[in-house]
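Data first, discussion second: the structure below is written as structure tokens.
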Amino acid sequence: MSRAEEISRGLAEVRRRIADAAAAAGRSADELTLVVVTKRFPVDDIVALSQLGVTDIGENRDQEACVKVADIPGEVREQLTVHFVGQLQTNKAASVASYADTVHSVDRGRLVTALDRAAERRDRPLDVLVQVCLDPQPGRGGAMPDEVPAVADAVVGASHLRLRGLMAVAPLGEDPAAAFARLVTVGERLRAEHPDAGWLSAGMSGDIEAAVAAGATHLRVGTAILGSRPPLG
Ligand SMILES: *Cc1c(COP(=O)(O)O)cnc(C)c1O
């Protein structure tokens, strides 16, 4: 099987899972954006995905993504929305703001300040999601639920950023449905203050169904489409 066929099969299977999960939840699959997480896979895979109708890709390391996104052929890049989904150091904010359309991993005020300063050079605002930590212990990225309102207010106060919603990763070893239920609660509180911030980025290869059932709007799927990732280069 060629690589293009492999990707096509993986994508068809994930689209089927999303459609089934949406039907089971009484939702329309049109409300759901599939972000294919292409980290550690080559630009050729991104081109193949685009030819199969994928409109959104995700990357998690600036060092890799800044080179890769620059290498995507212009006519393909124009059709794509690039999401940055990884933990982000403040000193990488300027680089990420130069090529990403959406940053899912904003979790502290200093990062908001750095992204806003960098996004000034863009021709349109940078879309931002506040990442929520659903682990009881902080430390693996994401604002704790009680810190989210302050981070969200900082985003709204920033001239070159646009608050779109929340992102989370289900903690390992916990039922993802229980974790996503906490995300939904944080999202309801956020929308009470910021009615336009309705995106919920949740759901990876292993928990697409739980995320769709909980009300996710964006699914970030890598392995189930592209196969196991090559080791870090
Ligand atoms: C890698 C990654 C994903 C995709 O994970 P898979 O299990 O390969 O689908 C989703 N979200 C984030 C933040 C990631 O880093």
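Points worth noting:
- Considering (1) at pLDDT 95 or above; (2) part of a helix (DSSP H, G or I); (3) more than 16 Å from the ligand (Cβ to nearest atom), the lone condition that ILE46 does not fulfil carries the number (3).
- Across the range 58-98, the qualifying residues are those that are acidic (Asp, Glu) and within 14 Å of the ligand (Cβ to nearest atom), and the one among them that is nearest to GLY109 (Cα to Cα) is ASP62.
- Qualifying positions in the range 159-173 - buried (at least 22 other Cβ atoms within 10 Å of the Cβ) and in a loop (DSSP other than H, G, I, E, B): ALA168, VAL169, ALA170
- Check on VAL69, more than 19 Å from GLY206 (Cα to Cα), among the β-branched types (Val, Ile, Thr) and either touching a His at 6+ places or on another chain (Cβ under 9 Å) or surrounded by 16 or more Cβ atoms within 10 Å (Cβ to Cβ) (or both): yes
- Subset tally (residues that are at pLDDT 95 or above and either touching a Ser or Thr at 6+ places or on another chain (Cβ under 7 Å) or buried (at least 17 other Cβ atoms within 10 Å of the Cβ) (or both)) for the range 126-148: 14
- Scanning the range 174-206 for residues that are within 15 Å of the ligand (Cβ to nearest atom), over 17 Å from VAL128 (Cβ atoms) and either part of a loop (DSSP other than H, G, I, E, B) or of a type in the set (Asp, Glu) (or both) yields GLY203, MET204, SER205, GLY206.
- From the list GLN51, GLN87, the one residue that fits, being among the polar types (S, T, N, Q) and within 22 Å of ALA197 (Cα to Cα), is GLN87.
- Any hit, the range 188-206, residues being loosely packed, with under 14 Cβ neighbours inside 10 Å, within 16 Å of VAL106 (Cβ to Cβ) and of a type in the set (Ser, Thr, Tyr): no
- Checking ASP62 against (1) under 21 Å from THR223 (Cβ atoms); (2) in contact with a Lys or Arg (Cβ under 8 Å, 6 or more places away or on another chain), the condition it does not meet: (1)
- Positions within the range 102-125 being more than 16 Å from the ligand (Cβ to nearest atom) and part of a loop (DSSP other than H, G, I, E, B), in sequence order: ARG108, GLU120, ARG121, ARG122, ASP123, ARG124, PRO125
- Tally of residues being buried (at least 20 other Cβ atoms within 10 Å of the Cβ), near the ligand (Cβ under 9 Å from one of its atoms) and in a loop (DSSP other than H, G, I, E, B) across the range 207-233: 2
The values are calculated or read from the model by the stated rules, or taken from the named source; none is laboratory data. The model shown is predicted, which means the values in this text are computed figures rather than measured ones. Cβ: placed from backbone, ideal geometry, glycine included. Neighbour counts: every protein chain shown.
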